[in-house]
Amino acid sequence: MKKTQILSESKKQFNELGVANVTIRMVAKSIKMSSGNLNYHFKKRKDILEGLFEEIQAFENDFIEAVSDENISVGRYKKVSLIYMEKMADYRFAWLDHVQLARESDKIKKLQKALFKNRIKLLNKPSASYLTQWLYSCSVGSQRFSKRTVLSCHKEFIKYYN
C-alpha cells in the first residue's frame, strides 16, 4: 500500500512540477511520511521514476498486445486505444520530461527505446506515426495533455484502424 501511495503521489507531483523539481522530501511531506520511511521503500528518486516507468511499460505493452490482434473488433480497438491515451495523459511527465528521465536512469533510457521500437513495430505505420506526432505535439507543441486533446486525438487515431 505504501509503495502504491508513494508512486501515486510522485506521479502527481512530477506531472504538476516537472521531474527536475520534485524531491523525495517533497513527496514524503505530501503523504505525511518521513523521508527515512520513504527511503525504506525507494532508496533514490531514480527508483521512484523507474517504478513509474514500469507502470507505463505495462500499460503500453497491454495496449500493443491488444491492438496487434488481427481479429480485434473496431469497438474493442476504440476502447483500448482510448484507455491507452488517457493513461498516457495521466503519466504526462514521462513524455514532457523524457530527456530528463533518460539522463537520470539508464534503465529508463533503455525502456523508452524499447517502447518506441515496439510501438513502431507492432502498430500499423499510420497509427504509430499519428500517435508519435500527438505525443510530440503535447510535449513540445501547442497541444496539452487534457481530456479534450485525448478525445480529439483518439477520434483521429481510430481513423487509422485497419
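Nothing in this text is a laboratory measurement; each read-out follows from the coordinates by a stated rule. Quick caveat: nothing in here was measured; it's all calculated off a predicted structure. Glycine also receives a Cβ, built like all others from the backbone with ideal geometry; neighbour counts cover every protein chain displayed.
Placing pseudo-labels 7 Å out from each Cα toward the beta carbon at Lys147 and Asn124 gives an inter-label distance of 3.1 nm. Largest GNM mean-square fluctuation across Lys109, Lys29, Lys78, computed for the chain with C-alpha springs under 10 Å, falls on Lys29. Each principal axis of the Cα cloud of region 45-160 was evaluated for its coordinate range; sorted largest first, these ranges are 41, 30, 20 Å. Per-residue extension of 0.36 nm, minus the Cα-Cα distance of Glu54 and Glu70, leaves a gain of 3.1 nm for this segment.
Looking at region 52-134, the GluC sites (Glu not before Pro) that sit in a DSSP loop and have at most 16 other Cβ atoms within 10 Å of their own Cβ are Glu70. Pairs of Cα atoms nearer than 8 Å and 6+ residues apart set the relative contact order; for region 1-119 it is 29 percent. Between 0 and 90 degrees, the angle of helix 147-157 with respect to the longest Cα principal axis of the chain falls at about 30 degrees.
Length gained on full extension, Ala114 to Lys29: 27.2 nm, using 0.36 nm per residue less the C-alpha separation. The trypsin sites (Lys or Arg not before Pro) found in region 30-60 that occupy coil by DSSP, while having at most 10 further C-beta atoms within 10 Å, are Lys32. Dividing the summed -39500 (n - 2.57) terms of all DSSP H runs of n ≥ 4 by the residue count of the chain sets its mean residue ellipticity at 222 nm at -24500 deg cm²/dmol.
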